[in-house]
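A short worksheet on the structure shown next.
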Amino acid sequence: MILVLRALGVGDLATGVPALRALRAAYPGKDLALVAPRWLAPLVELVGGVDRQVHADGLGPLPWSGPPPETAVNLHGRGPQSHLMLAALRPGRLLAFANPDAGVPDGPPWRADEHEVDRWCRMLAWYGVPADRTDLALRRPARGGFPAGVTIVHPGAKAAARRWPVARFAAVARELAGRGHRVVVTGSPAERDLAEAVARAAGLPADAVLAGATDVGELAGLVAYARLVLCGDTGIGHLATAYATPSVLLFGPVPPSWWGPPPDRPWHEALWTGPGPAAAGERVHPALAALDVPDVLAAVERVERAARHRPQAPAQRTRTRTPLPTRG
């Protein structure tokens with residue numbers, strides 16, 4: 001049994017895909033279990049290669065009653081809490097970043113200024129497990145009941161400092177709708193009011209608001225068949241990368257060199273004005289506030305032009321199958 005910890009969100013799972021695929025290839029005959037939140041199960045299915053999901057929301061004692069895993073892999077963080085969480089299961093081997101305080105004196109050193117994809121590929125390489133950092137694609141789900149060819153505007157983000165102003169999202173949405181884009185506004189159930197505010201200011205119909213109406217698997221399907229994704233530094237941007245859907249991502253305060261799309265794919269563009277002072281309280285970060293509507297509309301034109309020449313990988317559809325066995 002290979003037990004992998006990545007109990008985080010959509011973007012975290014998507015950026016961990018190359019590492020997960022590398023582990024699958026390195027242990028082809030072993031049961032591979034992924035520790036992740038229950039609500040991510042539809043997206044875990046689209047990664048492929050995971051035999052079992054152990055449900056966990058963040059760090060803490062795991063609902064684990066089986067024998068100690070042969071190998072435990074920490075793709076969650078630098079420790080000590082995540083290291084100790086896995087060590088409590090008494091694995092035969094623990095692959096993790098070095099942290100003497102957590103009883104892991106060996107292992108590669110942690111680097112703060114590193115892209116999230118490269119971080120986990122580098123860690124595994126230190127243990128002799130090669131990973132391909134470009135292996136970011138997810139399986140393409142069935143279309144479902146949502147429309148294809150839409151332009152997705154996603155104004156939300158976990159931190160207020162990473163949310164571009166409502167009025168600017170609305171201005172871009174209004175202009176794109178005027179150019180013939182079918183614009184929809186997505187978000188979590190908690191972001192429904194935010195999505196409605198953007199749609200209302202953009203003059204979009206009420207049925208354009210899909211915030212709270214999709215689970216993560218349906219959101220992946222919406223992105224997979226979309227025309228364009230416009231969002232901040234948040235999970236849906238990584239889904240756009242996974243499906244080669246043209247995207248414009250608005251970054252701040254974290255730079256795209258840490259969480260952005262691959263720079264060699266011009267149909268994804270991360271806008272970033274550089275570091276700046278920290279935002280105060282609930283205010284948008286200055287690096288993000290410096291981006292204006294014309295900047296974003298120009299980026300939309302560039303990524304749509306680039307998308308006409310992107311390589312077209314064959315659609316990899318998921319097969320009808322029994323859902324992943326789960327624990328917890």
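The values are calculated or read from the model by the stated rules, or taken from the named source; none is laboratory data. This structure is a prediction, so every number in the text was calculated from the model and none was measured. Note that each Cβ is placed from the backbone with ideal geometry, even for glycine, and that neighbours are counted across all protein chains shown.
Filtering PRO37, PRO28, PRO80, PRO67 for residues that are without any contact (Cβ under 8 Å) to a residue 24 or more places away in the chain and over 19 Å from TRP110 (Cβ atoms) leaves a single hit, PRO28.
The lone criterion from (1) out of contact with any strand residue (DSSP E or B) (no Cβ under 7 Å at 6 or more places or on another chain); (2) at pLDDT 95 or above; (3) over 22 Å from ALA137 (Cβ atoms) left unmet by HIS76 is number (1).
Looking across segment 50-64 at every residue that is under 15 Å from ARG90 (Cα atoms) and among the hydrophobic types (A, V, I, L, M, F, W, C), the one that is modelled with the highest pLDDT is identified as LEU62. Residue pairs whose Cβ atoms lie under 6 Å apart, separated by 6 or more positions or on different chains, with the first residue in segment 143-159 and under 20 Å from VAL172 (Cα atoms) and the second of a type in the set (Gly, Ala, Ser) and in a loop (DSSP other than H, G, I, E, B), are VAL150/ALA226; ILE152/ALA226; GLY156/GLY187.
Do we have any residue at all in segment 96-105 that's more than 30 Å from ARG179 (Cβ to Cβ) and without any contact (Cβ under 8 Å) to a residue 12 or more places away in the chain? Among the residues of segment 96-105, at least one is more than 30 Å from ARG179 (Cβ to Cβ) and without any contact (Cβ under 8 Å) to a residue 12 or more places away in the chain, which makes the answer yes. Taken as a whole, segment 124-147 holds no residue that is assigned to a helix (DSSP H, G or I), within 21 Å of SER247 (Cβ to Cβ) and acidic (Asp, Glu). Only residues that are at pLDDT below 95, farther than 24 Å from PRO263 by Cβ and assigned to a loop (DSSP other than H, G, I, E, B) were counted in segment 101-123, giving 4. When segment 264-287 is filtered for residues that are within 23 Å of HIS309 (Cα to Cα) and either buried (at least 19 other Cβ atoms within 10 Å of the Cβ) or in contact with a Pro (Cβ under 8 Å, 6 or more places away or on another chain) (or both), the ones remaining, listed by number, are ARG265, TRP267, HIS268, GLU269, ALA270, LEU271. Applying the criterion of at least 2 residues that are in contact with a Gly (Cβ under 9 Å, 6 or more places away or on another chain) to the helices (runs of 4 or more DSSP H) found wholly in segment 171-287 leaves 192-202, 216-224, 235-242. In segment 148-170, the residue that is nearest to VAL293 (Cα to Cα) out of those that are part of a loop (DSSP other than H, G, I, E, B) and of a type in the set (Gly, Ala, Ser) is GLY156. Here is the figure for segment 85-98: residues that are in contact with a Gly (Cβ under 8 Å, 6 or more places away or on another chain) and modelled with pLDDT under 95 total 2.
Within the set ALA157, ALA131, ALA161, the sole residue that is under 20 Å from the mean Cα position of the chain (by Cα), crowded, with 17+ Cβ neighbours inside 10 Å, of a type outside the set (D, E, K, R) and not assigned by TED's automatic domain parsing to the domain that holds LEU239 turns out to be ALA131. Just one of the listed residues (LEU138, LEU94, LEU124) is in contact with a helix residue (DSSP H, G or I) (Cβ under 7 Å, 6 or more places away or on another chain), farther than 19 Å from ASP12 by Cβ and buried (at least 18 other Cβ atoms within 10 Å of the Cβ), and it is LEU94. Number of residues in segment 70-79 that are within 22 Å of ASP101 (Cα to Cα) and part of a loop (DSSP other than H, G, I, E, B): the value is 5.
Every residue, every condition in (1) surrounded by fewer than 21 Cβ atoms within 10 Å (Cβ to Cβ); (2) farther than 18 Å from THR214 by Cβ; (3) in contact with a Ser or Thr (Cβ under 9 Å, 6 or more places away or on another chain), yes or no:
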{"position": "VAL150", "(1), (2), (3)": "no, no, no"}
{"position": "PHE169", "(1), (2), (3)": "no, yes, no"}
{"position": "ARG174", "(1), (2), (3)": "yes, yes, no"}
{"position": "ALA190", "(1), (2), (3)": "yes, no, no"}
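Of the residues making up segment 198-221, those that are surrounded by fewer than 18 Cβ atoms within 10 Å (Cβ to Cβ) and over 23 Å from VAL44 (Cβ atoms) are ARG200, ALA201, GLY203, PRO205, ALA206, ASP207. Here TRP258 passes the criteria (1) more than 21 Å from ASP12 (Cβ to Cβ); (2) in contact with a helix residue (DSSP H, G or I) (Cβ under 9 Å, 6 or more places away or on another chain) except the one numbered (1).
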